[in-house]
Structure formats: C-alpha cells, structure tokens
Amino acid sequence: MENQTYIHGTGRRKTAIAQTRLLPGNGAITVNGIPYEERFPRTEHRLTIKQPLMVTEKADKYDVIIKVSGGGISGQSGAISLGIARALVKTDENLKPILKQHGLLTRDARAKERKKPGLKRARKAPQYTKR
C-alpha cells in the first residue's frame, strides 16, 4: 500500500452498488464524474451521502470519488453512504464505534420481494369472490 494514494470502500443497497475512493483533499464529492449536488438534487439524499463524513468530522479532509451503478437515487445514496463509512474505517479503526453507533456500517439488506405465481404482487392476492 506504499504507492496507493486512495482508500477504497464498497457499499450496496437494494440493487445499487457504489465503489468509493477517499483521497486526501478539501471535501469535494464527485459521483460518476459530476458533482454530487447535480446527481442528487434532493437534500435528504445529499445528507445521507455526507452523514459518515459529518459524524466523524472528516468532511473537509477527504475528496470522495464514487462510481455507482444500478438501482434508483435512494438506493444509490444509501450505497454511497455505506461505501464512505467502510472506507473511513480503513483510514482509522477508532472511527468504527462512532459510525456503528449511528448505524452507518450496517448493510441494509431490504430489497424488493419477488412476485409469486397466482398473486398480483409479492403478497397481494386477487380479490375473493363468493359468487
């Protein structure tokens, strides 16, 4: 790890996968080559992405470069958050309890349940008719 200048972390949420890289810098976050403000117009998604950096007070110490694919914007923002949190733990193991306390190191395994045969959706049954 002598010539490696970045720290890598992978995050997943629903069907989204985010590969995050932390580089020493001034706090710029780019997602797929564009600033994250343009990619995520909603403030709740921006806060989700920034949360691991804010909780650990490292927001202005690292530049974050993210490659994300799959899913929608909500799943992608959750995946990015997990990826950043995992990368921060690699930089400093002392950050683990803080991130764990805020639930940022837990992989959210909830995903869309598959549709079952004979049903309209995963669990919704067709309306029962007596006659």
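Values in this text are rule-based calculations from the coordinates and carry no lab data. What you see is a predicted model, and the numbers here were worked out from it, not measured in a lab. Positions of Cβ are generated from backbone atoms using ideal geometry, with glycine treated the same way; all protein chains shown enter the neighbour counts.
Here is a check on your reading of the model: is Arg21 free of Cβ contacts under 8 Å to residues at least 60 places away in the same chain, farther than 17 Å from Asp108 by Cα, in contact with a strand residue (DSSP E or B) (Cβ under 6 Å, 6 or more places away or on another chain) and surrounded by 19 or more Cβ atoms within 10 Å (Cβ to Cβ)? Criteria not met by Arg21. Once the range 33-83 is narrowed to residues that are in a helix (DSSP H, G or I) and of a type in the set (S, T, N, Q), the residue that is surrounded by the fewest Cβ atoms within 10 Å (Cβ to Cβ) is Thr43.
Based on this model, can you work out whether Gly27 counts as at positive phi, crowded, with 16+ Cβ neighbours inside 10 Å and either in contact with a Ser or Thr (Cβ under 7 Å, 6 or more places away or on another chain) or outside any helix (DSSP H, G or I) (or both)? Criteria not met by Gly27.
When Arg131, Arg114, Arg107 are checked against the criterion of being among the charged types (D, E, K, R) and closer than 18 Å to Arg12 by Cα, Arg107 stands alone in meeting it. The residues of the range 84-131 that are in a loop (DSSP other than H, G, I, E, B), within 24 Å of Ala16 (Cα to Cα) and among the small types (Gly, Ala, Ser), listed by number, are Gly103, Ala109, Ala111, Ala122.
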